[in-house]
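Readers should treat all values here as calculations from the given coordinates under stated rules, not as data from a laboratory. Note that the structure is predicted; figures quoted are calculated from it, not measured. Cβ atoms come from the backbone with ideal geometry, glycine included; neighbour counts cover every protein chain shown.
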Amino acid sequence: MIHIQEVTKQFYEKKKYVTALKHVSLKVEEGEVLGLLGENGAGKTTLLRSIATLIQPSSGEIQVDGFDTVKESDEVKKRLGVLFGSETGLYDRLTARENLEYFASLYGLGAHETKVRIEKLAKTFGMRDYLDRRVGSFSKGMRQKVAIARTILHDPDIILFDEPTTGLDITSSSVFRQLVHQLKGEGKTIIFSSHYVEEITALCDRVAMIHKGELVYEGTLEELYREENNQDLNYIFMSKLVRGGQKDA
């Protein structure tokens, strides 16, 4: 489970403080797929980076499986698989296989287990034809498939996906969506951020809407549709941004 309690994050830029998150509180239960919905710059990536221990909250607390992301970051990292949309974290001079073998060694996987998992992921993502080619020559879609494989290579219990389908073609996006359904079936806990409402509706059990660093809605889509008397998520989201999350404002 992920427990986010009153998290605020400020950055000091150009001689002034910029608030990226404002008193965000949120729970994600084990085996749940939570969709983070928000426009670019809303604070989605900052929140995910905070969960992933890459940045520390200015105030508040985040716990992952009972471990504090600041005080017990090593324990948190062991449980996470993380993919940020524009950052594949791959080495251009290595082949796809070599990249995966390198990260497998960091995760502490043995040689046989690494080989078996790479072959399985290569089949899943249709990467066999270019598994032994250098990543530097890959298209964005090919790189993203390898990056997604890297994210789940060590079979993490909790997975963070930050806008992973941005820039991908239809086929690659479809493969990713199938993967999320598979991981959900395996009981994985997933936070999936996107500004594509179609992906949120197709993949997520619950949705959290963020606007200018503030949480303006948290709950199931069914609850949201009943509350708004509308099933157009894009309309509801834009309406909530205008109203600041208040139904009768």
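If packing is taken as the average number of other Cβ atoms within 10 Å across a peptide's residues, how do 77-83, 104-110 rank, most packed first?
77-83, 104-110
List the extent of the Cα atoms of the range 1-44 along each of their three principal axes, largest first, rounded to whole Å.
Taking max minus min along each principal axis of the Cα atoms, the range 1-44 gives 42, 22, 10 Å.
Based on the mean of other Cβ atoms within 10 Å per residue, sort peptides 137-146, 114-123, 44-53 so the most packed one is first. Present the calculation step by step, with values, prior to reporting the outcome.
Numbers: 137-146: 18.5, 114-123: 16.4, 44-53: 23.0.
Ranking, from highest mean packing down: 44-53, 137-146, 114-123.
Any lysines with Cα under 26 Å of the LYS71 Cα? List them, leaving off those in the same chain fewer than 8 positions away.
Correct list for LYS71: LYS9, LYS22, LYS27, LYS44, LYS188.
Which value, in debye to the nearest 20, describes the size of the charge dipole of the chain about its Cα centre when Lys and Arg Cβ atoms bear +1, Asp and Glu Cβ atoms bear -1, and nothing else is charged? Please report the intermediate quantities before stating the final value.
Working: 34 positive and 37 negative charges, 188 e Å.
My answer is approximately 900 debye.
Quantify how much of the Cα-Cα distance distribution of the range 1-120 extends past 19 Å, in percent. Show your work: numbers first, answer last.
On the way: 4123 of 7140 pairs.
Here the long-distance tail beyond 19 Å is 58 percent of all Cα pairs in the range 1-120.
For percent of Cα pairs over 35 Å apart, one of (1) 16; (2) 21; (3) 7 was computed from the structure I shared and the rest are decoys. Which label?
Identified label for the calculated read-out: (1).
Using the Karplus equation 6.51 cos²θ - 1.76 cosθ + 1.60 (θ = phi - 60°), what ³J(HN,Hα) coupling, rounded to whole Hz, does each residue of the range 132-146 give in order, writing x for Gly and Pro?
Here the 3J(HN,Hα) series is 10, 9, 5, 5, x, 9, 7, 6, 4, x, 5, 4, 5, 5, 5 Hz.
For every helix of n ≥ 4 consecutive DSSP H residues, a contribution of -39,500 (n - 2.57) applies; sum these over the chain, divide by its total residues, and give [θ] at 222 nm rounded to the nearest 500 deg cm²/dmol. Intermediate results must be reported in sequence, preceding the final value.
Values: 9 runs with 94 residues, N = 249.
Result for the chain: -11000 deg cm²/dmol, rounded to the nearest 500.
Using only the alpha carbons of the range 136-249, determine the length spanned along each of the three principal axes and report them from longest to shortest in whole angstroms.
Principal axes ranked by extent give 52, 30, 24 Å for the Cα atoms.
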